[in-house]
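No lab work stands behind these numbers, since they all come straight from the coordinates. These numbers were taken from a predicted model, which means no experiment stands behind them. Cβ sites come from the backbone with ideal geometry, for glycine too, and all protein chains shown count toward neighbours.
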């Protein structure tokens, strides 16, 4: 990659409530941060406002920026809110309803009124053309090009902006999709086009078609957004290449992101995961639960030795947010994040059963929590934390945004009247409830994977993460919490740690004993060559490119696979035993046993091609001079209302220690250290919170 030894790196993360920006100076290793409200309907405006504020604060030349990385929730929000392009689907005759039929299984067998997610393409825009391949890729029926042209004319009349093409078994042989692509481009040159063998070259018809359609649905919006954003930052004097965060924890070029925008579906939360692992490593922790709680949502992920689990069985736009199977399936590689519908802006209400509930709906940045004074009327987690005394109304965002205590009390009072509780009791109930919701999601996730969270350290990031970290840790039996510097904008900092990367996959189903080694070698060669072209265009030098391989394997007769790391190099007969041993090790790690004598088959073969991992080095830490003690204020804990010390975190030197309850403030976040916890500042500047005893 280009020499960045005297350059600046700029990272931008758009969340549902705030847009975070972090800039790293590679010479001084100093960080400069900015946090602004996310703007709607055009989030690019908030980014540009934040960039201006950042350079006004730092007084550096924008021309010194050598790399920019951007993470966004735009794709996820577009799919959830159904605000994408008018999309058509061209598919194999007889398969127009694959999107509606979905899977055979029910995600809730006891729900008599089960709702399935509405397809992104309405039925009259799903058009069929005669063509057919055998399951192994041989042509059974040639593509009817006349019918295809008729379908194009019909979609033109309907005014579609995007088209997805998904033919049966095209992952085995793309010949018909390639012909269809040329004809559609010829007849509809202005529409965005997504073709299944390029977007998701894997078996499972419903999932592959769903992924292709989702890619087409968001493509025009993402392309316009990225062009607008790139033009805006160029006008501000930044000429560095812009890289976009992918869901797999890597980055890619704007061109690649525009072609495959569905790969950005978990773009934003990945930065928090990378930052959490980095902070854990600095604090000497091998097993980390990276917990990132912002203004709209919270996400968490388990990391061992800095590595993250990756899955291709993801969903978006669920009918019921926490019910797997109720959303639109996507065959894209994503970090295996724990989804938690909780953030500072999560709304507190009374459910249909008359019980208090928090989230998953959020006030976002507009109208925001009641205390923002922007029109919000429904109480949120932030309102509750303010009334509990955890947040300083005069020092939110470093004092640039005042919080309205009276508005928060009024909103909480309305809810309190319904549940017959005082304002402070209502606030305490909301705080405890959201902590339990987040802890419960982590419990389920770890139980499904056979992991004991008591062996992990919780690393808290996000604006609201350090406020709730100890409460969540207590409920999980975790004894240590780490809060890194600039925790409130850690997701943006984490983007800097992502390498340029892209994933490829192909389906080739065979038992290990029956593998065609020549075919397998050709398959990997094609994927690796395509990957080298993608990351090379993004600026990675050929000698820096790294390749890793994974196979999705299972016992014959099973319905689902596990991911198995496999070696590189040319495959031959001698590799059969290596593949079997790799599968046995992965299977035993997950389930504690193997099934002797049962044959194993491979389903998908995957390649990740990436550049070198980004290493920011040792971040410079400036301890401000002056009195760290800011005063005392009342805050509510399990034991009741207590007067607690408040400290300025920026003025705490390494080696500082104090017992809770205490509150440690910084511009982007606040760390709440409850009773029975002890806080210390380590050498890199992390707050290390250790539970010293007692109960909840």
Notebook entry, point to check: What is the helix-to-structure angle for 423-448, meaning the angle in degrees between its Cα long axis and the longest Cα principal axis of the chain, kept from 0 to 90 and rounded to the nearest 10?
Noted result: 40
Margin query: I need 113, 629, 278, 656 ordered by Cβ neighbour count within 10 Å, fewest first.
Written below: 113, 629, 656, 278
Check: Could you give the nm distance between label points at residue 541 and residue 451, where each point is 7 Å from its Cα heading toward the beta carbon?
Finding: 3.6
Notebook entry, point to check: Rg (Å, one decimal) plus Dmax (Å, integer) for the alpha carbons of region 501-610?
Noted result: 14.8, 48
Check: Working out 0.36 nm times the residue gap between residue 239 and residue 86, then minus their Cα-Cα distance, what length gain in nm do you get to one decimal?
Finding: 51.7 nm
Notebook entry, point to check: Using the Cα gyration tensor of region 103-199, with a ≥ b ≥ c the square roots of its eigenvalues, what is the shape: rounded (a/c below 1.5), prolate (a/b larger than b/c) or oblate (neither)?
Noted result: oblate
Notebook entry, point to check: In whole Å, how far is the Cα centre of region 575-591 from that of region 151-188?
Noted result: 40
Checklist line | Cα gyration tensor shape of region 346-431, rounded if a/c is under 1.5, else prolate or oblate by comparing a/b with b/c | finding: prolate
Checklist line | MRE, 222 nm, helices only [DSSP H, n ≥ 4, -39500 (n - 2.57), over the chain, to nearest 500] | finding: -10000 deg cm²/dmol
Item checked: Percentage, to the nearest whole number, of Cα pairs in region 141-274 over 19 Å apart -> 57
Next item on the list: Please give, to one decimal in nm, the separation of the simple spin-label points placed at residue 255 and residue 156, each 7 Å out from Cα toward the Cβ.
Entry: 2.9
Note to self: Test of understanding: ordering 19, 141 by Cβ neighbours within 10 Å, fewest first, what list do you get?
What the structure shows: 141, 19
Item checked: For region 467-577: relative contact order, % (alpha-carbon pairs under 8 angstrom, 6 or more apart) -> 21
Checklist line | For a label point 7 Å along the Cα-to-beta-carbon line of residue 417, residues of region 312-354 with backbone N under 15 Å | finding: 350
Notebook entry, point to check: So, by mean Cβ neighbours within 10 angstrom, what's the order for 370-378, 542-550, 242-250 with the highest one leading?
Noted result: 242-250, 370-378, 542-550
Notebook entry, point to check: In what sequence, highest mean first, do 387-399, 434-446 appear when ranked by Cβ atoms within 10 angstrom?
Noted result: 434-446, 387-399
Checklist line | In degrees, nearest ten, helix 465-476 long axis to first principal axis of the chain (Cα) | finding: 80
Item checked: DSSP beta bridge pairing in region 629-691, given as percent antiparallel to the nearest 5 -> 85
Margin query: Quick check on region 450-539: take the gyration tensor over C-alpha atoms, sort the square-rooted eigenvalues as a ≥ b ≥ c, and tell me if it's rounded (a/c under 1.5), prolate or oblate.
Written below: oblate
Checklist line | Cα centroid of region 510-566 to Cα centroid of region 119-149, whole Å | finding: 28
Checklist line | Point-to-point label distance, residue 510-residue 29, nm (Cα→Cβ direction, 7 Å offset) | finding: 5.1
Next item on the list: Pull up the DSSP beta bridges for region 589-664 and report the antiparallel fraction as a percent, rounded to 5.
Entry: 75
Item checked: Cα long-axis angle, helix 267-282 against the chain (0 to 90 degrees, to the nearest 10) -> 60
Check: Considering only DSSP beta bridges with both partners in the chain, what is the antiparallel share in %, to the nearest 5?
Finding: 70
Checklist line | Value of relative contact order over the chain, rounded to a whole percent, pairs C-alpha under 8 Å and six or more apart | finding: 13
Notebook entry, point to check: Going by how many other Cβ atoms sit within 10 Å of their own, how do 479, 266 line up, fewest first?
Noted result: 479, 266
Note to self: Using Cα-Cα distances under 8 Å and only pairs 6 or more residues apart, what relative contact order does region 346-431 have, in percent?
What the structure shows: 28
Checklist line | Part-to-part distance (alpha-carbon centres) for region 643-696 and region 18-51, which is given in Å | finding: 27
Next item on the list: Take peptides 37-46, 251-260, 354-363 and line them up by average Cβ neighbours within 10 Å, highest first, as a rough protection proxy.
Entry: 251-260, 354-363, 37-46
Check: Label point 7 Å out from residue 108 along Cα-to-Cβ: which residues of region 340-369 have amide N under 17 Å?
Finding: 341, 351-355, 357-361
